[in-house]
Amino acid sequence: MDFGLKQAIIRMFEETVGKHDDPAIFGGAPGDPGLIGPGSMSWELHSDIGAIGAAGLAAIIMEILHPSVMAGVYTQSSYRTQTFRRAQATFAYVVITTFGNTTAAQRTIARVRQMHEQVKGTTPDGRPYYAMDPALIGWVHTAIPWAIMEAFNRYRRPMSVAEKNRYLAEQAVIGRLGGAGDIPVTVDQLSDYIEAMRPQLAVNEQTVEFLDFLVGAVEGSGRVNKFEQLLRRLSLHASMSLMPEWARRLTSLHHSELAQRLYFEPTTRLNVALLRWAFEVPAYRILADARVAATPTEQRRPPVTRPRPSTVTRQGATDGASADAHVVH
């Protein structure tokens, strides 16, 4: 019975964010630490599927509160026909850049940059935008670790300021590789950065339509019966409870402290605990641990009079080709 429940939870979650267990991405050359490496705060936080799950919607909503980001999503993305595409892309980006081998992580970042190069236009009020604007990339980048850090701190364990600073600094490496400009690397900088960004954030007709789409209240957004809409809206409220009050009020996703204490907090804690229980150690973390801990073949092989380097060469070529050939959708 436990196995059946675990499989059901895993299947439901993977329907939203996809599967992330490809050895070509998370395996690879023995000893390769990837872009961040083991022992980092990022490996600890991003191994917690429950925390990422709780943070996901909040991160996406905070991203699209910038009208230029919203305009790009609204006019040039496939969210209307591929309901979970943004959630899948966000989750994949987080775990691949953290746990993927160096080649796979760099390839993923390059792919996203290439996509952003094509996205440009004007906001509803006539302002031009360009997705590769370092300021926009910085905001989109920051929303993700900010939300995950808040979820981990609330639903896993309290983090010290030093731990939060380490995490933000690690994630800033990814942000800069993605094209971000000025991004926070400490808690104090994060606070100042958010306050500086607030005047640029807004909810317009595009934002309202996107939020309605998320809850299934517009045509083409999946099941749209009233009960399903209620469940989806409650999920938005639960995730946005991680964000400041001004953001919750701006998006009309504010609820009372009593509702938070009696419903949203215990419900989210249960959901997070169930995800952790079902996944235990995520497959991507297991593969990354094995990759980092592995000893290269030539180091494991005992010395011989006539070594056979061709065996090592073939293995290395195979591993590299697998990683290079993989395409992240």
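What is the residue count in segment 11-45 for residues that are part of a loop (DSSP other than H, G, I, E, B), of a type in the set (D, E, K, R) and more than 12 Å from residue 99 (Cβ to Cβ)?
Summing the residues that are part of a loop (DSSP other than H, G, I, E, B), of a type in the set (D, E, K, R) and more than 12 Å from residue 99 (Cβ to Cβ) in segment 11-45 gives 1.
Please work out which residue is nearest to residue 175 (Cα to Cα), limiting yourself to segment 113-132 and to residues that are in contact with a helix residue (DSSP H, G or I) (Cβ under 6 Å, 6 or more places away or on another chain) and part of a loop (DSSP other than H, G, I, E, B).
132
Quick test for you: out of 205, 150, pick the one residue that is over 25 Å from residue 34 (Cα atoms) and acidic (Asp, Glu).
Just a single option satisfies the conditions, and that option is 205.
Taking the condition of being outside any loop (DSSP other than H, G, I, E, B) and among the hydroxyl-bearing types (Ser, Thr, Tyr), how many residues in segment 154-170 meet it?
So the count comes out to 2.
For residue 173, indicate whether it is under 23 Å from the mean Cα position of the chain (by Cα) and not in a helix (DSSP H, G or I).
In short, no.
For a quick check of your reading of the model, give me the residue pairs whose first member lies in segment 253-269 and is farther than 15 Å from residue 155 by Cβ, whose second is at pLDDT 95 or above and exposed (fewer than 11 other Cβ atoms within 10 Å of the Cβ), with beta-carbon atoms closer than 9 Å and at least 6 apart or on different chains.
Pairs that qualify, where the first residue is farther than 15 Å from residue 155 by Cβ and the partner is at pLDDT 95 or above and exposed (fewer than 11 other Cβ atoms within 10 Å of the Cβ), are 254/245.
With crowded, with 21+ Cβ neighbours inside 10 Å and assigned to a helix (DSSP H, G or I) as the only criterion, which of 135, 110, 89, 151 stands out? Spell out how you get there, then give the answer.
Working: 135 fails: crowded, with 21+ Cβ neighbours inside 10 Å; 110 fails: crowded, with 21+ Cβ neighbours inside 10 Å; 89 fails: crowded, with 21+ Cβ neighbours inside 10 Å.
Step by step, each of 135, 110, 89, 151 is checked, and only 151 is crowded, with 21+ Cβ neighbours inside 10 Å and assigned to a helix (DSSP H, G or I).
So which residues in segment 255-286 are in a loop (DSSP other than H, G, I, E, B) and more than 19 Å from the chain's Cα centre (by Cα)?
Here is the first cut: in segment 255-286, the residues in a loop (DSSP other than H, G, I, E, B) are 255-256, 280-282.
Listed by number, the residues that qualify are 255, 256.
For residues that are part of a helix (DSSP H, G or I) and in contact with a His (Cβ under 9 Å, 6 or more places away or on another chain), scanning just segment 177-213, find the one that is surrounded by the fewest Cβ atoms within 10 Å (Cβ to Cβ).
200
Let's see how each residue does on (1) of a type in the set (A, V, I, L, M); (2) loosely packed, with under 14 Cβ neighbours inside 10 Å; (3) modelled with pLDDT of 95 or more; (4) on the phi > 0 side of the Ramachandran plot:
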{"position": "242", "(1), (2), (3), (4)": "yes, no, yes, no"}
{"position": "247", "(1), (2), (3), (4)": "yes, no, yes, no"}
{"position": "255", "(1), (2), (3), (4)": "no, no, yes, no"}
{"position": "263", "(1), (2), (3), (4)": "no, no, yes, no"}
{"position": "272", "(1), (2), (3), (4)": "yes, no, yes, no"}
{"position": "279", "(1), (2), (3), (4)": "no, no, yes, no"}
{"position": "284", "(1), (2), (3), (4)": "no, no, yes, no"}
{"position": "288", "(1), (2), (3), (4)": "yes, no, yes, no"}
{"position": "306", "(1), (2), (3), (4)": "no, yes, no, no"}
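Looking at (1) among the small types (Gly, Ala, Ser); (2) in a helix (DSSP H, G or I); (3) more than 19 Å from residue 142 (Cα to Cα), can you tell me which one residue 252 breaks?
Only one criterion is unmet by residue 252, namely (2).
All but one of (1) more than 20 Å from residue 241 (Cα to Cα); (2) in contact (Cβ under 8 Å) with a residue 12 or more places away in the chain hold for residue 130, so report the exception by its number.
(2)
Would you check if residue 119 is modelled with pLDDT under 95 and hydrophobic (A, V, I, L, M, F, W, C)?
Criteria met by residue 119.
The values are calculated or read from the model by the stated rules, or taken from the named source; none is laboratory data. Keep in mind that this is a model prediction, so the values were computed, not measured. Glycine gets a Cβ as well: all are built from the backbone with ideal geometry, and neighbour counts include every protein chain shown.
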